[in-house]
Amino acid sequence: MTKRLFDENSYISEFTATVTDSIECDGFYKTVLDQTAFFAEGGGQKSDTGYLDNIPLFDVQEENGIIYHFTHSPIEKKEIKGVIDWEKRFNKMQNHSAEHVISGIVHTHYGYENTGFHLGDDVVTMDYSGPLNQEDIDKIEFLSNKVVWENRKITCYYPENTENLFYRSKLDIKENLRIVEIDGVDRCACCAPHVKETGEIGFIKIVSWQKYKGGVRLFMKAGSFAFNEINGYFKALKKLSVLLSLPMEETPAGVEKLMQKLNDTQYQLNGLKLELLKREINQTDCNFAFVDSADLLKDAVNLLNNKFNSICGAFFGNDIDGYRFNIITPDIEATKTLLKEKLNASGGGRDNMLQGKTNAKKEEIIRFFN
């Protein structure tokens, strides 16, 4: 059994230990220490990384109470120094503790269970057993940050008696039960390192959410993860503010106004394009046309059909990305078969309108219609 120093003190970033074994396995080495501060992967959280006597450590796994440290180089059986990548560890502690805050609040206010958890490289994913809407999520986010501001104590311990102890847990743990308790907020079974007080979490931001398996999935960032996220929003908003020559608080309304202006301009432009298309088709002897907007495909093919009263087609695209088309034909199935054979085209339709795409070149399409 490896002594788990991170259970006693999650803030240990450097330690000494004795190497008891080093096993070669598929080009890497699994090193066993008598004690370690490196957290092994578990409970939805990746392992710590760092160094063993300046040798990079890329993974840590636990099997039957033995913690294996994975390196690409062998390590001698001697006393060594372990150094944890503290910035990454502390980020995980902040975000995992934030997850407990949110899950405790969700359980208290909505009665839902936490059914899934994954702490990624820059975002935390959490699944809950019931539905939530945006108003609910805004409330949860505010209450979670309120817990951060109140700087509640977080205690990790192995209880002696669990008979009357209420705690959240996704698994039925029979032995070595470790509890993480946030004063007045949550009590949950968990094996991971956590911060000592909620104030160390810094800030909690639920960045997005989606319906998931009858419940909801939340995407959350805390600590430096949240700082980088919010800072990115701020920089983007500030850049828009400069581009629009507006104060930042007036930027959303400015963007809406600009979008409306663009829509109006596009509407006018489409009208001019349609008038030009009518003139071009009125002067053409071809029963096909190439247009410069996908929005004109239907108009073009209908104008051609009115003029020639026969099979006709309109195309939009280029020789690199291919061409979308609308074709009016009295026999959709026969035309579809012919297009597939001659132009390697795919598509479908009903009545007399066939829609689809071809990767043929413009020259091939012209030759086909001619």
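The values are calculated or read from the model by the stated rules, or taken from the named source; none is laboratory data. The shown structure was predicted, so the numbers you read here are calculated from the model rather than taken from an experiment. Here the Cβ is made from the backbone with ideal geometry for all residues, glycine too, and neighbour counts use every protein chain on show. Ligands, DNA and RNA are stripped out before the accessible areas are found, and what is left, the full protein with its side chains, is counted by its heavy atoms. Shrake-Rupley method; radii C 1.70, N 1.55, O 1.52, S 1.80 Å.
One residue alone among ILE311, ILE230 is in contact with a strand residue (DSSP E or B) (Cβ under 8 Å, 6 or more places away or on another chain), closer than 30 Å to LEU132 by Cβ and either among the hydroxyl-bearing types (Ser, Thr, Tyr) or open to solvent by 60 Å² or more (accessible area, probe 1.4 Å) (or both), and that residue is ILE230. I'd like the residue in the stretch 169-190 that is closer than 17 Å to ALA98 by Cβ and not charged (D, E, K, R) and, out of all such residues, is most open to solvent (accessible area, probe 1.4 Å). The extreme case among them is GLY184.
In the stretch 259-283, the residue that is nearest to CYS312 (Cα to Cα) out of those that are open to solvent by less than 80 Å² (accessible area, probe 1.4 Å) and in contact (Cβ under 8 Å) with a residue 12 or more places away in the chain is ILE281.
Residues satisfying the criterion are absent from the stretch 258-281 (criterion: in contact with a Ser or Thr (Cβ under 9 Å, 6 or more places away or on another chain), aromatic (Phe, Trp, Tyr) and over 30 Å from LYS336 (Cα atoms)).
Which residues, taken from the stretch 51-62, are open to solvent by 50 Å² or more (accessible area, probe 1.4 Å) and closer than 21 Å to TYR11 by Cβ? Passing the criteria: TYR51, GLU62. Taking each residue of the stretch 356-370 that is over 9 Å from LYS342 (Cα atoms) and touching a residue at least 12 places away in the same chain (Cβ under 8 Å) and looking for partners that are of a type in the set (Lys, Arg) and surrounded by 14 or more Cβ atoms within 10 Å (Cβ to Cβ) with beta-carbon atoms closer than 6 Å, six or more apart or interchain, yields LYS357/ARG324.
Say whether the condition of being more than 29 Å from VAL123 (Cβ to Cβ), at pLDDT 95 or above and charged (D, E, K, R) is met by at least one residue in the stretch 50-57. Scanning the stretch 50-57 turns up no residue that is more than 29 Å from VAL123 (Cβ to Cβ), at pLDDT 95 or above and charged (D, E, K, R).
Set side by side, the residues GLY104, GLY82, GLY65 differ, and just one is under 26 Å from the mean Cα position of the chain (by Cα), open to solvent by less than 40 Å² (accessible area, probe 1.4 Å) and in contact (Cβ under 8 Å) with a residue 60 or more places away in the chain, which is GLY104.
Within the set MET126, MET93, the sole residue that is part of a strand (DSSP E or B), in contact with a helix residue (DSSP H, G or I) (Cβ under 9 Å, 6 or more places away or on another chain) and open to solvent by less than 50 Å² (accessible area, probe 1.4 Å) turns out to be MET126. Inspect all residues belonging to the stretch 137-145 and state whether any of them is surrounded by fewer than 21 Cβ atoms within 10 Å (Cβ to Cβ), modelled with pLDDT of 95 or more and among the aliphatic types (A, V, I, L, M). Looking through the stretch 137-145, at least one residue is surrounded by fewer than 21 Cβ atoms within 10 Å (Cβ to Cβ), modelled with pLDDT of 95 or more and among the aliphatic types (A, V, I, L, M). For the stretch 209-221, a residue qualifies if it is open to solvent by 40 Å² or more (accessible area, probe 1.4 Å), in contact (Cβ under 8 Å) with a residue 60 or more places away in the chain and in a strand (DSSP E or B), and the qualifying residues are TRP209, LYS211, TYR212, ARG217, PHE219. When SER224 is tested against (1) under 30 Å from PHE142 (Cα atoms); (2) open to solvent by 70 Å² or more (accessible area, probe 1.4 Å); (3) part of a helix (DSSP H, G or I); (4) in contact with a helix residue (DSSP H, G or I) (Cβ under 8 Å, 6 or more places away or on another chain), just one condition goes unmet, and that condition is (2). One residue stands out among those in the stretch 243-258 that are assigned to a helix (DSSP H, G or I) and open to solvent by less than 70 Å² (accessible area, probe 1.4 Å): the one that is nearest to GLY322 (Cα to Cα), which is VAL255. ILE206 falls short on exactly one of the conditions (1) part of a strand (DSSP E or B); (2) out of contact with any Leu (no Cβ under 9 Å at 6 or more places or on another chain); (3) crowded, with 18+ Cβ neighbours inside 10 Å, and that condition is (2). Scanning the stretch 148-190 for residues that are within 22 Å of GLU41 (Cβ to Cβ) and in a strand (DSSP E or B) gives ILE154, CYS156, ARG168, ILE179, VAL180, CYS188, ALA189. Every condition in (1) open to solvent by less than 50 Å² (accessible area, probe 1.4 Å); (2) within 19 Å of ALA192 (Cβ to Cβ) is met by TYR157 except one, and the failing one is (1).
Scanning the stretch 227-250 for residues that are out of contact with any helix residue (DSSP H, G or I) (no Cβ under 8 Å at 6 or more places or on another chain) and of a type in the set (S, T, N, Q) yields ASN228, ASN231, SER245. Pairs meeting the criteria (first residue in the stretch 7-32 and on the phi < 0 side of the Ramachandran plot, second residue surrounded by 17 or more Cβ atoms within 10 Å (Cβ to Cβ) and charged (D, E, K, R), beta carbons under 6 Å, at least 6 apart or on different chains) are ILE23/LYS30.
Applying the criterion of being in a loop (DSSP other than H, G, I, E, B) and either over 14 Å from THR49 (Cβ atoms) or acidic (Asp, Glu) (or both) to the residues of the stretch 68-79, the residue that is least open to solvent (accessible area, probe 1.4 Å) is ILE75.
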